[in-house]
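Worksheet for the structure shown next.
The values are calculated or read from the model by the stated rules, or taken from the named source; none is laboratory data. As the structure is a prediction and not an experimental result, all values here were calculated from the model. Heads up, the Cβs are rebuilt from the backbone with ideal geometry, glycines too, and the neighbour counts pull from every protein chain shown.
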Amino acid sequence: MSLKTRALAGVLAIAVPLVGYFEGRSLLAYLDPVGIPTICDGITKGVELGQTASVAECDALLAAELGAAITSVDRLIQRPQPDTRRAALGSFVFNVGAGAFSGSTLLRKLNAGDIAGACAELSRWVYAKGRKLAGLVKRRAAERQLCEVGL
């Protein structure tokens, strides 16, 4: 196993339980709070209502999608970050997408070295389609706490 693969595995070990807790798991596709077809642990890509998945399929989908989110975080951040911060940001990017992260004030602050300011930005991302969601408030608080470890 390469060093890069081991480093990703370590971050996934932190991020998977976080994402799983806030996303929940459904083996049957459903509409999320803003009407997006979703399955497993918050997977939306290519999902159609009525679709089903096994536990093993959900595990694989979560690992792949969260791994891609963490890879995006690593690609966009210009300074090395601890695994806890990478996991928090991976959870965030898994939820909002790499595109939103790439143009965010959060990323600009992080790359400028304002770690506390960057982590604080997470608390602003609690809206979906203009609606403040209690679940996102709780999730961002947990991500922020993980982001701030060591500050």
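Taking the listed residues Leu89, Leu106, Leu110, the one that is crowded, with 20+ Cβ neighbours inside 10 Å, closer than 15 Å to Ser72 by Cα and over 16 Å from the mean Cα position of the chain (by Cα) is Leu110, with no other qualifying.
Answer with yes or no whether Ser123 is surrounded by fewer than 15 Cβ atoms within 10 Å (Cβ to Cβ) and either modelled with pLDDT under 95 or more than 15 Å from the chain's Cα centre (by Cα) (or both). No. I'd like the full set of residues that are β-branched (Val, Ile, Thr) and either without any contact (Cβ under 8 Å) to a residue 12 or more places away in the chain or part of a helix (DSSP H, G or I) (or both), limited to segment 52-95. Residues satisfying the conditions are Val55, Ile70, Thr71, Val73, Thr84, Val93.
For segment 111-151, which residues satisfy the criterion of being in contact with a Lys or Arg (Cβ under 9 Å, 6 or more places away or on another chain), in a helix (DSSP H, G or I) and either within 17 Å of Val93 (Cα to Cα) or of a type in the set (Val, Ile, Thr) (or both)? Correct list: Asn111, Ile115, Ala118, Cys119, Ala120, Glu121, Leu122, Ser123, Arg124, Arg140, Leu146, Cys147.
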